[in-house]
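Read the figures in this text as sums done on the coordinates, not as results from a lab. In this text, all values refer to a predicted model and were calculated from it rather than measured experimentally. With ideal geometry, Cβ positions are generated from the backbone for all residues, glycine too; neighbour counts draw on all protein chains shown.
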Amino acid sequence: MFNPLRKRLALLALAASTLAALAADKPNVVILATGGTIAGAGASTLNSASYQAAKVPVDKLILSVPELAKVAQVRGEQVSQIASESFTNDKLLALGKRVAALAKQADVDGIVVTHGTDTLEETAYFLNLTVRTDKPIVLVGSMRPGTALSADGALNLYNAVVVAGSPDARAKGVLVTLNDQIDSGRDVSKQINIKTDAFSSQWGALGMVVEGRNYWFRAPIKRHTAQSEFDVEQISQLAPVEIVYSYGNVPASLYEAAAAGGAKAIIHAGTGNGSVADRAVPTLRKLRQQGVQIIRSARVAGGFVLRNAEQPDDQYDWVVAHDLNPQKARILASVALAQGRSSQDLQRIFWEY
Ligand code: DAS
């Protein structure tokens, strides 16, 4: 007579081995959760724009998208639970060090970082500059909380896990997936603050992810990740770098205040092509002579700042931020100065990264 217990144990063993076999051919993806709208919750399904960010824990996020298990072996870590407008340098470093450590693990094939959309572009660029790996690192957020009608977070998260588990996403630098699009962490920025197609790159997306498949159309050429000279594991503190947003009536005192606050570099978010108001030039020249790096970026979203055009950068020993917007220029300067780069070296770095 066949013992029913033995039969049940045999079935359990078969199920376990089947699951193991199924899992064995799936990539291992770690989801590092930091907060933001993708973890947000609103009072009703109609609250698509008014809600509280950073409420839902990572395990609940993962459970809310059971389809993840079809494409990867997923596990989550709650790195922080904040709205990303408050993502400080210290939080950047802590996240970067965790990503770098996981990327070194043989049992990790890709990493997803869920993040608020407000400063997602800064974190993506920071990781792009400082995590020495070819493995896919994918940042993802959402513009609506999961409680809202037509919430975008679940599919954004699914797409991010697909890309993070994809061998063809390796060595493309840090990636950002929202709204079915795959953008470079270097190029992408939040251009619209109240639509689901909020993110874009002026040089174009790298590709799209549709129904669990990646479609690539270009690859980054600027240095990143494994080819970077920077290493988050070697950085104990980011250099203090501040941004001054310029306009017709800008007082020179704003630049003085940034320097007085300890800034090692000032990002000038200039009008037009990084133009500097006449009353600010003597102050910036004085601050440069006092050792503060002066980096001309632009408040204008598109294009790039031309060296020696609006200002004689060679004569003043100033740096131009190339096509980087002020917030990305701040990240690059903070990293480069943390590893003690000179102004000549700084300009090379802004050309290369
Ligand atoms: N406050 C925003 C943030 O956390 C919410 C979001 O869009 O993610 O960045």
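Observations
- Near LYS190, the amide H atoms lying under 5 Å from its own belong to GLU121; only residues 5 or more places off or on other chains count, and H is placed 1.01 Å from N.
- With a cut-off of 20 Å on the backbone N, the residues of the stretch 156-192 near the modelled label site 7 Å out from SER150 along Cα-Cβ are 156-159, 178-181, 191-192.
- Our compactness index for the stretch 92-225, the C-alpha radius of gyration over the empirical 2.2 N^0.38 Å, is 0.96.
- Here the chain carries DSSP beta bridges of which approximately 35% are antiparallel, counting only pairs with both residues inside.
- In degrees, nearest ten, helix 326-338 long axis to first principal axis of the chain (Cα): 90
- Cα-based helix-to-principal-axis angle, 4-24 vs the chain, degrees rounded to 10: 30
- When the pairs LYS55/LYS195; LYS195/LYS286; LYS135/LYS195 are compared against a 32 Å limit on Cα-Cα distance, LYS195/LYS286 fall above it.
- Only helical runs count toward this figure. For the chain, summing -39,500 (n - 2.57) over DSSP H runs of n ≥ 4 and dividing by all residues gives -9500 deg cm²/dmol at 222 nm.
- Placed amide H near VAL320: partners under 5 Å, 5+ positions off or other chain: ARG296
- A Förster radius of 45 Å, combined with the Cβ-Cβ distance separating ASN193 from ALA106, puts the computed FRET efficiency at roughly 0.65.
- Relative to the longest principal axis of the Cα atoms of the chain, the long axis of helix 120-130 makes an angle of roughly 90 degrees.
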